[in-house]
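Take a look at the structure set out below.
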Amino acid sequence: MKAAGSACAIRAGGSWGRRRPRAVIVLLGLTLALTASVSVVASVAAASGPSEAVIVRVQPGTGLGSVEQEIGALGGQVGIELPIIDGVAARVPQGGLRALSTLPGVVSVTPDAAVQLAGSTFDPSTDAGSLYTTTLQTGAQALWQGGHTGKGVDVALIDSGVAPVNGLTAPGKVVIGPDFTLDAFNADLRGLDGFGHGTHMAGIIGGRDAAATPGAYAGDSKDFVGMAPDSRIVSVKVADAQGNSDVAQVIAGIQWAVQHRTDNGLNIRILNLSFGTDSAQAYTIDPLAFAAEQAWRQGLVVVGAAGNFGNSSPQLADPAMDPYVIAAGAVDTKGTADTSDDTVATFSDSGSATRSPDLVAPGTHIASLRDPGSALDGQFGSTATVGGRF
């Protein structure tokens, strides 16, 4: 199997190539984070039952060849190789999951959970969440006056792609990177945003109207100006037109950004992850958290959404639960420019005694680019606000 990092690394043939996003399947009582040694030894027979999408991690230095053979012997199918976590995505019959997890060299076998980009409708009659207000409240405009506009910095946006709308059409404003969704097989859809989430986030991070004057962004309430108006967006598409993705696709996107961060004139300094999923694993074992941490270890600033579960979740969303990720919570500005009435949004994850959001930023009804007057709601907006601020 070819390693992820090309224009698209998802298989085209067989049932794996035609797979659709799946709901998270909770395997009660199944703890698949096990230890092992330096090699995987073939020792399993074909298993039965419906197949499950999983991510298999092995010990560093073990290599993926042996575990891929074992997956085949179990009647499974190998998907995207994920060397950033010493792992591989696969589909494995339910009856073979435990056998796979107990093989020497296997660190963990984790359900490849569905990832859903979230949002809600903007109500212009009750909300004044303009990006002008957001940049004023967060101090971005003061930074612009000091010459800090994001010039020379690339932000890798792991999301649903970017559409060429006003505010993102300036020459060199957006670099279209790989598409890890099935849209990659359609030349008319490849890299484009059919859901709106990625375009919305790109606008918050670095959007800029053509009429906006460089050097005079501060105080410009007429033109659309994002948090870092002179930054460049590197779009890595991992979600389809319904906002659906999975952990393996997201990891592949992170992996590409890390591997190509300085290729061909790129200068990726920020990794924006405006989404989150829940995980029953510790951040030291969880594949998505581990991938985000690896990006940090390669010198990238990684910003992730704290989560949209309020006080009902025992921990922050994945991968923001990893302490090497900047966890962004959401502020409810009450639709005013006056910060004295601001509160933490009720849906914003509070985390746990050991890991809480690192900071909060405007994240409710932030008006940005997509269809005229539309907006998305949640930390997913606050994450982009923080990503642009950095």
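The values are calculated or read from the model by the stated rules, or taken from the named source; none is laboratory data. Here the structure is a predicted model, which is why all the values come from computation and not from measurement. Please note: Cβ atoms are built from the backbone with ideal geometry, for glycine as well, and neighbour counts cover all protein chains shown.
Some values worked out for this structure:
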{"quantity": "Residue in segment 140-159 that is over 21 Å from V301 (Cβ atoms), touching a helix residue (DSSP H, G or I) at 6+ places or on another chain (Cβ under 9 Å), among the aliphatic types (A, V, I, L, M) and in contact (Cβ under 8 Å) with a residue 24 or more places away in the chain present", "calculated": "no"}
{"quantity": "Any chance A156 is part of a strand (DSSP E or B), within 23 Å of the chain's Cα centre (by Cα), assigned by TED's automatic domain parsing to the domain that holds S274 and among the aliphatic types (A, V, I, L, M)", "calculated": "yes"}
{"quantity": "Qualifying residues in segment 176-211 (those that are out of contact with any Gly (no Cβ under 9 Å at 6 or more places or on another chain) and of a type in the set (A, V, I, L, M)) - the one nearest to G150 (Cα to Cα)", "calculated": "A211"}
{"quantity": "Scope segment 68-87; condition farther than 16 Å from I251 by Cβ and either part of a helix (DSSP H, G or I) or in contact (Cβ under 8 Å) with a residue 60 or more places away in the chain (or both); matching residues", "calculated": "E68, Q69, E70, I71, G72, A73, Q77"}
{"quantity": "Residue among G219, G265, G207 that is surrounded by fewer than 18 Cβ atoms within 10 Å (Cβ to Cβ) and in contact (Cβ under 8 Å) with a residue 40 or more places away in the chain", "calculated": "G219"}
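Residue-by-condition table, conditions (1) at positive phi; (2) in a loop (DSSP other than H, G, I, E, B); (3) at pLDDT below 50; (4) of a type in the set (D, E):
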residue	(1), (2), (3), (4)
G5	yes, yes, yes, no
I10	no, yes, yes, no
W16	no, no, yes, no
T35	no, yes, yes, no
V38	no, yes, yes, no
G61	yes, yes, no, no
S66	no, no, no, no
A89	no, no, no, no
S108	no, no, no, no
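Yes or no, residue by residue, for (1) hydrophobic (A, V, I, L, M, F, W, C); (2) in the same structural domain as V301 (by TED's automatic domain parsing); (3) within 30 Å of P83 (Cβ to Cβ); (4) assigned to a loop (DSSP other than H, G, I, E, B):
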residue	(1), (2), (3), (4)
G203	no, yes, no, no
S235	no, yes, yes, no
I254	yes, yes, yes, no
R269	no, yes, yes, no
